[in-house]
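Asker: The structure's right below; bear with me while I get my questions together.
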Amino acid sequence: MELKNGLSVKNGHLYIADADACALAQKYGTPLYVMNQEHIRKRCRELRGAMDKYCPEGRVMFASKAFMNKAMCRIAASEGLGMDVVSGGELYTALSAGVPADMLELHGNNKTVEEIEMAVKNNIYRIIIDNFDEIDRIKEVAQRLHRTRIPVEIRLRPGIEAHTHEAVQTANLDCKFGFNIASGEAMEAALRLCSDDTFELCGIHCHIGSQIFELAPFAVLCEHFITFADRLRAANGCVLHDFNFGGGFGVWYTQGDAPQELGDYIRIITQTLRELCQKHSYPMPAITVEPGRSIVGEAGVTLYTVGGVKDIPGVRTYVSVDGGMFDNPRCALYGSKYTAVCANKADREHDRVVTVAGKCCESGDLITKDALVPADISTNDILAILTTGAYNYTMASNYNRNGIPAVVLVGCGHEGIIVRRQTYDDLISHDEIPDFL
């Protein structure tokens, strides 16, 4: 079995960076999220290095929805990355972790007044506006706080259909995010913001989707951006100085996935945009990207303990583990597939096709289908599911009153918990029984 991303096999055991996965499972329990700090930092440096090479004034903003906690905030900030947050909770976490406010931008298609107020009070770098109602809400907050020239961008919906799952396409016409360019509403919003000194319209934004392996959609987005910006300049003289291309850079999950080098996304965006700016005699804007999965996805491994193996002749074999859709809902949501490694039998041939099932009371509670495991996989083996660093911990729930697992950070000569495991007392800590019961 070929392993990468800081994974190796020693003495028959799977190692994550310099940590024995089986020893981690025994020490911290399972299910267990394990994050490789070395890999995270490497990816941050690849992106920051590419931006420094192609667009030194550009920004890399970690999409915190992929993996959000105070330790990750510290890592991102220490590597020169800002953070893209999409809720008051994410914003509060980043501020609590000491991330400078001028390195934070707030997204979201339905920001509350409270979230907007937190952003304005803390003077964050940008608010990315998603709809007309939000313009009104920001203006109300600004007037109440006696603020003007709030730096904003608008999110565009240009009609780009990236080749990815429809649930994570975010720039096609039938989508809840952003202002439609074709209908004219995007230009209407831009003109309104430019004419109101409550706002400083700094740029435009678009996120075309997630898990994208092609470079071409980002070149197409460059064309949409420059066309829109040039029309706005012609309409009222406003020149935009930041083009935000979102994220969505693809990562490896299973055999056949072929992700691009991270620097190639920034290279193609910069080169294409520079050519278009020269063609339109438009000042070259700064570039922002918002990678999330591509930084943390492959850095994560989830460890489970096998509870049982159920063979249904002629149908399939289920390997049941002590986790499920409460710690990884992606298979249930998107039909996502993963690569599995039996951590305590990592040097054995993995040639038995199984479906890894969770413990929740749902037929659809699966971790992955068609996984390859050793022929003799059995109860109490430790099963590692690879590339679970993104949208696993952050999408976890307490379904069936299961606790959210602990997160352990390894690598760079260190090992420690960055999110503690929920206990049963944690699960009932917010429950109340009213007097009338």
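The values are calculated or read from the model by the stated rules, or taken from the named source; none is laboratory data. It should be emphasised that the depicted structure is a prediction, and the values quoted were computed from it without experimental measurement. Cβ placement follows ideal geometry from the backbone for every residue including glycine, while neighbour counts extend to all protein chains displayed. With ligands, DNA and RNA removed, areas are computed over all heavy atoms of the protein, side chains included. Shrake-Rupley method; radii C 1.70, N 1.55, O 1.52, S 1.80 Å.
Asker: Going by what's in this entry, would A19 be described as at pLDDT 95 or above and under 22 Å from D322 (Cβ atoms)?
Answerer: In short, yes.
Asker: What number of residues within the range 227-262 are farther than 30 Å from T387 by Cα and in a loop (DSSP other than H, G, I, E, B)?
Answerer: Total satisfying the criteria: 5.
Asker: In addition: Evaluate the following for S183: is it surrounded by fewer than 17 Cβ atoms within 10 Å (Cβ to Cβ), modelled with pLDDT under 95 and among the polar types (S, T, N, Q)?
Answerer: yes
Asker: Select from the range 263-296 the residues that are in a helix (DSSP H, G or I) and small (G, A, S) and write down the one among them that is nearest to V408 (Cα to Cα).
Answerer: Among those residues, the one meeting the criterion is S294.
Asker: Working only within the range 303-319, note down all residues that are crowded, with 22+ Cβ neighbours inside 10 Å and out of contact with any Pro (no Cβ under 6 Å at 6 or more places or on another chain). Before you say what the answer is, go through the steps one by one.
Answerer: Restricting attention to the range 303-319, the residues satisfying the condition of being crowded, with 22+ Cβ neighbours inside 10 Å are 303-304, 319.
L303, V319, listed by residue number.
Asker: With the condition kept exactly as written, say whether any residue in the range 224-237 is surrounded by 17 or more Cβ atoms within 10 Å (Cβ to Cβ) and more than 29 Å from the chain's Cα centre (by Cα).
Answerer: Checked the range 224-237: at least one residue is surrounded by 17 or more Cβ atoms within 10 Å (Cβ to Cβ) and more than 29 Å from the chain's Cα centre (by Cα).
Asker: D197 - would you say it is open to solvent by 60 Å² or more (accessible area, probe 1.4 Å), part of a loop (DSSP other than H, G, I, E, B) and touching a residue at least 12 places away in the same chain (Cβ under 8 Å)?
Answerer: yes
Asker: Collect the residues in the range 102-138 that are among the charged types (D, E, K, R), touching a Phe, Trp or Tyr at 6+ places or on another chain (Cβ under 8 Å) and surrounded by fewer than 24 Cβ atoms within 10 Å (Cβ to Cβ), keeping them in residue-number order.
Answerer: Selection gives D102, D130.
Asker: Would you pick out the residues in the range 347-386 that are touching a Cys at 6+ places or on another chain (Cβ under 9 Å), open to solvent by less than 10 Å² (accessible area, probe 1.4 Å) and among the small types (G, A, S)?
Answerer: A384
Asker: Hey, does the range 325-337 have a residue that's basic (K, R), surrounded by 18 or more Cβ atoms within 10 Å (Cβ to Cβ) and closer than 21 Å to N402 by Cβ?
Answerer: yes
Asker: For the range 1-20, what are the residues that are crowded, with 21+ Cβ neighbours inside 10 Å, hydrophobic (A, V, I, L, M, F, W, C) and either farther than 25 Å from A76 by Cα or free of Cβ contacts under 8 Å to residues at least 12 places away in the same chain (or both)?
Answerer: L14
Asker: Also, quick follow-up: Got a number for residues in the range 267-283 being open to solvent by 80 Å² or more (accessible area, probe 1.4 Å) and among the basic types (K, R)?
Answerer: The total comes to 2.
Asker: How do the pairs read when you match residues in the range 345-360 that are over 20 Å from N398 (Cα atoms) with residues anywhere that are part of a loop (DSSP other than H, G, I, E, B) and open to solvent by 90 Å² or more (accessible area, probe 1.4 Å), using Cβ under 7 Å and keeping only pairs 6 or more apart or on different chains?
Answerer: Filtered contacts from the range 345-360: H350/M1.
Asker: Here is a further query. Return a yes/no flag: does the range 339-360 have any residue that is under 17 Å from the mean Cα position of the chain (by Cα) and either modelled with pLDDT of 95 or more or closer than 30 Å to V85 by Cα (or both).
Answerer: No - not one qualifying residue is present in the range 339-360.
Asker: Right, here's the next one. What are the pairs, 6+ residues apart or on separate chains, where a residue within the range 69-82 that is under 14 Å from C412 (Cβ atoms) and open to solvent by 40 Å² or more (accessible area, probe 1.4 Å) has its Cβ under 7 Å from a residue that is assigned to a helix (DSSP H, G or I) and modelled with pLDDT of 95 or more?
Answerer: Once the first residue is under 14 Å from C412 (Cβ atoms) and open to solvent by 40 Å² or more (accessible area, probe 1.4 Å) and sits in the range 69-82, no partner that is assigned to a helix (DSSP H, G or I) and modelled with pLDDT of 95 or more comes close enough.
Asker: Quick one: which strands (runs of 3 or more DSSP E) sit completely within the range 25-128 and have at least 2 residues that are within 22 Å of C206 (Cα to Cα)? Lay out the reasoning, then the answer.
Answerer: Details: elements: 32-36, 59-63, 82-85, 104-106.
Once the strands (runs of 3 or more DSSP E) in the range 25-128 are filtered for at least 2 residues that are within 22 Å of C206 (Cα to Cα), what remains is 59-63, 82-85, 104-106.
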